[in-house]
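Written below as structure tokens is the structure these notes are about.
The values are calculated or read from the model by the stated rules, or taken from the named source; none is laboratory data. Just so it is clear, the structure is predicted and the values come from calculations on it, not from any experiment. Here the Cβ positions follow ideal geometry from the backbone for every residue, glycine too, while neighbour counts run over all protein chains shown. These accessible areas exclude ligands, DNA and RNA; they are computed on the full protein's heavy atoms, side chains included. Shrake-Rupley method; radii C 1.70, N 1.55, O 1.52, S 1.80 Å.
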Amino acid sequence: MIKFFRKIRQNLLMENKTGKYLKYAIGEIVLVVIGILIALQINNWNNNKKSNAAETKLLKELLQDTKSDSIFFKSRMDHMYNHMELSKNLNLIYDESANDSIKSILYGDYPIFDISMAYQASVVINFKNKIDEFSNDSIQQLIRDYILQHHYIELAYEQKDRLFEKYAGESHLFYSDKMIALNENSTIEEFYNAIEFKKHHKTINYLNGTVENSLLRTQLLLNINDDLIQYINMVLDEN
């Protein structure tokens, strides 16, 4: 192709057709520029295709981690709900306002003196340093919100564990053998007597405040988690 264009230029010069030569030269330059632009466009298209494929893969990984976190933190919430429900019923017995149906509820082996729980989040671990790899601003912001809320969870859970260890650690050790002696058929009233709730109700109710705070922080994270799942699905559907 290059030899073909060179031959045309040479013939025009030999025939002393300067005007035609200039027009031809300009046309040839235009063709070269158009060719370069087309090549660049194709290259950009290929790069965008690869980039979109890579981001789609990343979105699917984020979605999987978000769903895993949802299951994990919902289990944390269930654990804390059970703790709070048990504390409520124990207080009803203490206030002598519990009926027989409440007293006969089966004790569920809930650690009233110890509610230490893990709180790792896969989204935070795997995507904290990958926020800028997402082109969607809303997803970037949701991940930032996610990381911030998880930081609040860390603070809440650490405070809860610290206070439980300080104010209920000895009770947990002292009454552990009595709690082990209870079985799946043991009632809340039997548990109430086994741990001498009258002796510890102020401490338990004080510590419940840290459980409630942890519960609130976990729910707020799950709200962001739900938003993130919905938004990722929407973006994937658009792609």
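I'd like to know if the range 185-196 contains one or more residues that are part of a loop (DSSP other than H, G, I, E, B), in contact (Cβ under 8 Å) with a residue 12 or more places away in the chain and in contact with a strand residue (DSSP E or B) (Cβ under 9 Å, 6 or more places away or on another chain). Please lay out each step first, then the result.
Residues of the range 185-196 that are part of a loop (DSSP other than H, G, I, E, B), as a first pass: 185-186, 195-196.
Retained after the next criterion (residues that are in contact (Cβ under 8 Å) with a residue 12 or more places away in the chain): 185-186, 195-196.
Next, from what is left, pick out any that are in contact with a strand residue (DSSP E or B) (Cβ under 9 Å, 6 or more places away or on another chain): 185-186.
Among the residues of the range 185-196, at least one is part of a loop (DSSP other than H, G, I, E, B), in contact (Cβ under 8 Å) with a residue 12 or more places away in the chain and in contact with a strand residue (DSSP E or B) (Cβ under 9 Å, 6 or more places away or on another chain), which makes the answer yes.
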From the list SER122, SER176, SER171, SER87, which one is closer than 16 Å to GLY209 by Cβ and of a type in the set (S, T, N, Q)? SER87
Keeping to the range 93-116, report how many residues are within 37 Å of the chain's Cα centre (by Cα) and at negative phi. 11
Would you mind finding the one in ASN126, ASN82 that is surrounded by fewer than 19 Cβ atoms within 10 Å (Cβ to Cβ) and in contact with a helix residue (DSSP H, G or I) (Cβ under 6 Å, 6 or more places away or on another chain)? ASN126
Going residue by residue through the range 225-237, is there one that turns out to be out of contact with any strand residue (DSSP E or B) (no Cβ under 7 Å at 6 or more places or on another chain), within 27 Å of ASN99 (Cβ to Cβ), in contact (Cβ under 8 Å) with a residue 40 or more places away in the chain and not β-branched (Val, Ile, Thr)? no
Yes or no: the range 166-182 includes at least one residue that is outside any helix (DSSP H, G or I) and either among the small types (Gly, Ala, Ser) or open to solvent by less than 60 Å² (accessible area, probe 1.4 Å) (or both). yes
Which of the residues belonging to the range 192-228 are buried (at least 18 other Cβ atoms within 10 Å of the Cβ) and among the β-branched types (Val, Ile, Thr)? ILE195, ILE204, THR210, VAL211, THR218, ILE224
The lone condition SER97 fails out of (1) outside any loop (DSSP other than H, G, I, E, B); (2) open to solvent by 60 Å² or more (accessible area, probe 1.4 Å) is (1)
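Counting only residues that are under 14 Å from the mean Cα position of the chain (by Cα) and under 20 Å from ILE112 (Cα atoms), which one in the range 60-75 is surrounded by the fewest Cβ atoms within 10 Å (Cβ to Cβ)? Before the answer, list the steps.
Filtering the range 60-75 for residues under 14 Å from the mean Cα position of the chain (by Cα) gives 60-74.
Those still in the list that are under 20 Å from ILE112 (Cα atoms) too: 73-74.
On the way: PHE73: 21, LYS74: 14.
Among those that are under 14 Å from the mean Cα position of the chain (by Cα) and under 20 Å from ILE112 (Cα atoms), it is LYS74.
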Hits in the range 129-140 (condition: open to solvent by less than 20 Å² (accessible area, probe 1.4 Å) and assigned to a loop (DSSP other than H, G, I, E, B)): PHE134
Looking at ILE112, ILE153, ILE143, can you tell me which residue is surrounded by 13 or more Cβ atoms within 10 Å (Cβ to Cβ) and part of a loop (DSSP other than H, G, I, E, B)? ILE112
